[in-house]
Amino acid sequence: MEVTLSQRLQKLPPYLFADLRRKMAAAREKGVKVITLGIGDPDSPAPDAVVAELVRAVADETDINRHRYGCDVPAEQFPNAVKSFYSRRWGVELTDDQVVTTMGSKDAIAKLPLAIMDPGDIGIAPEPGYPTYNIGHVFAGGSTYYTPLKKENDFLIDFDSIPADVREKAKILWMNYPNNPTTATATLEFFAKAVEFGRANNILIAHDSAYSENVYDGYQSPSIMQIEGAPDTAVEFFSLSKAFSMTGWRTGCVVGNPSAIKALTTVKENIDNGTLRAVQLAAAKALDSAEQVIPPVNEIYKRRRDLVVDALNKAGWNLEKPKSTIYIWAPVPEKYNTAESPSGAFATELLEKTGVVVTPGRGYGPAGEGFFRISLTYPDNVLKEAMDRIIEMK
Ligand code: MLT
């Protein structure tokens, strides 16, 4: 038998990176030597001390809980480490009811709408933006009002442009700074506006902070929790994936509004059984050693950022060096601008002719059209080779 896909699944476009993986496999089959700069999945391993803690904890015969459901045997070290990290990093003092452990941000981003949206409700999401914001809305029976991030607004959300009828129906507004894919950063003044918007319209502000620790040139990214009263109307998703090179470990947290945290916890209790205790303990170790383990990895990304931006600028691009994230967001060469989807045409031809995979901006929404994204999570020599091939296409 062949199953009939649910209407909610039929409503979704192919998942951006699943689609890219399929295209890469097809090119490889044709004998193309593929170089991928697609997904932002760090190539550096997780820090040694974190790996050592995982190995210790999983083999600790004195801990009778080491193999049990993570939700039943929470390691208090992890929420304590989250609280200590927020206090050291941003001077924010979180209370116990303001923290929940997640199985990584993607999982929690998709689950939160199930807790607070009903069929017919609206969620507001930026575009270009991470596809999972919309996916969560659709799975909850709702839909997405997309708010465009425009270059002339420094890729910040223009709250005033969100119509009154959308504000009325919206339950949640997503934002993400440092931003994937545009690499834009936000100030505390912007976060204050977001909190004000949430409060005035009774909309939960959900800030995806996955890239807050991938910072360069002395830049420090703020947390929305630094804004007075933020926990009344906002939550922040923090992930260990990009900061600590722990994507596969699926671990992170959501902090902030206690009622949203409780609602998300209820969804989690019904769907997942939590993170393995040893992973929780290792994640606590990561946060406790953030100041030591993050800067060396950022040095690597900074070197690669310079390598890529310098190479593209030498070939006629005019890019600024991003202060944060692990991406470069660049316009496609002008000659593709007559195509129906310039970024799609460029990415496809680049793959077919040179074997290089970049992410087409259109995949993040219409306002991403005309751009492509390079991920810096690949070794220097791979990036160098890929830049030579990209430049040939100009
Ligand atoms: C990306 O490349 O945008 C991210 O790695 C995807 C993700 O975090 O799920």
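The values are calculated or read from the model by the stated rules, or taken from the named source; none is laboratory data. Note that this is a predicted model, so its numbers are computed, not measured. Because the Cβ atoms are built from the backbone with ideal geometry, glycine has one as well, and the counts that use them run over all protein chains shown.
So if I check each of ARG303, ARG373, ARG389, ARG362, which one is away from the ligand (no atom under 16 Å from the Cβ), touching a Gly at 6+ places or on another chain (Cβ under 8 Å) and not hydrophobic (A, V, I, L, M, F, W, C)?
ARG389
Here is the figure for the range 355-382: residues that are in contact with a strand residue (DSSP E or B) (Cβ under 8 Å, 6 or more places away or on another chain) and not in a loop (DSSP other than H, G, I, E, B) total 15.
Among the residues of the range 347-368, is there at least one that is at pLDDT 95 or above and aromatic (Phe, Trp, Tyr)? No, there is no match, as no residue in the range 347-368 is at pLDDT 95 or above and aromatic (Phe, Trp, Tyr).
Would you confirm whether any residue within the range 208-223 is closer than 22 Å to ASN257 by Cα and of a type in the set (A, V, I, L, M)? Among the residues of the range 208-223, at least one is closer than 22 Å to ASN257 by Cα and of a type in the set (A, V, I, L, M), which makes the answer yes.
Pairs linking a residue in the range 156-173 that is in contact (Cβ under 8 Å) with a residue 40 or more places away in the chain to a residue that is surrounded by fewer than 16 Cβ atoms within 10 Å (Cβ to Cβ), with Cβ atoms under 8 Å and 6 or more positions apart or on different chains, are LYS169/GLY120. Scanning the range 80-89 for residues that are in contact (Cβ under 8 Å) with a residue 40 or more places away in the chain, within 16 Å of MET225 (Cα to Cα) and not basic (Lys, Arg) gives VAL82, SER84, PHE85, TYR86. Restricting the first member to the range 295-322 and to residues that are under 16 Å from GLU392 (Cβ atoms), and the second to residues that are at pLDDT below 95, the beta-carbon pairs closer than 6 Å and six or more apart or on different chains are ALA315/ILE391; ALA315/LYS394. Of everything in the range 215-230 that is in contact with a Leu (Cβ under 8 Å, 6 or more places away or on another chain) and part of a helix (DSSP H, G or I), the residue that is surrounded by the fewest Cβ atoms within 10 Å (Cβ to Cβ) is GLN226.
Tell me the residue from SER241, SER221, SER245 that is in contact with a Ser or Thr (Cβ under 6 Å, 6 or more places away or on another chain), away from the ligand (no atom under 13 Å from the Cβ) and among the hydroxyl-bearing types (Ser, Thr, Tyr), please. The conditions single out SER221.
Looking only at residues in the range 37-53 that are surrounded by 20 or more Cβ atoms within 10 Å (Cβ to Cβ) and not in a loop (DSSP other than H, G, I, E, B), which one is farthest from the ligand (Cβ to nearest atom)? Ranking the qualifying residues of the range 37-53, first place goes to GLU53.
Filtered by the rule that a residue be of a type in the set (Lys, Arg), closer than 23 Å to GLY368 by Cβ and not in a loop (DSSP other than H, G, I, E, B), the range 1-30 gives ARG21, ARG22, LYS23. Here VAL195 passes the criteria (1) of a type in the set (A, V, I, L, M, F, W, C); (2) touching a helix residue (DSSP H, G or I) at 6+ places or on another chain (Cβ under 6 Å); (3) within 27 Å of ALA57 (Cβ to Cβ); (4) more than 16 Å from the ligand (Cβ to nearest atom) except the one numbered (3).
Got at least one residue in the range 360-382 being free of Cβ contacts under 8 Å to residues at least 12 places away in the same chain and assigned by TED's automatic domain parsing to the domain that holds PRO14? Checked the range 360-382: at least one residue is free of Cβ contacts under 8 Å to residues at least 12 places away in the same chain and assigned by TED's automatic domain parsing to the domain that holds PRO14.
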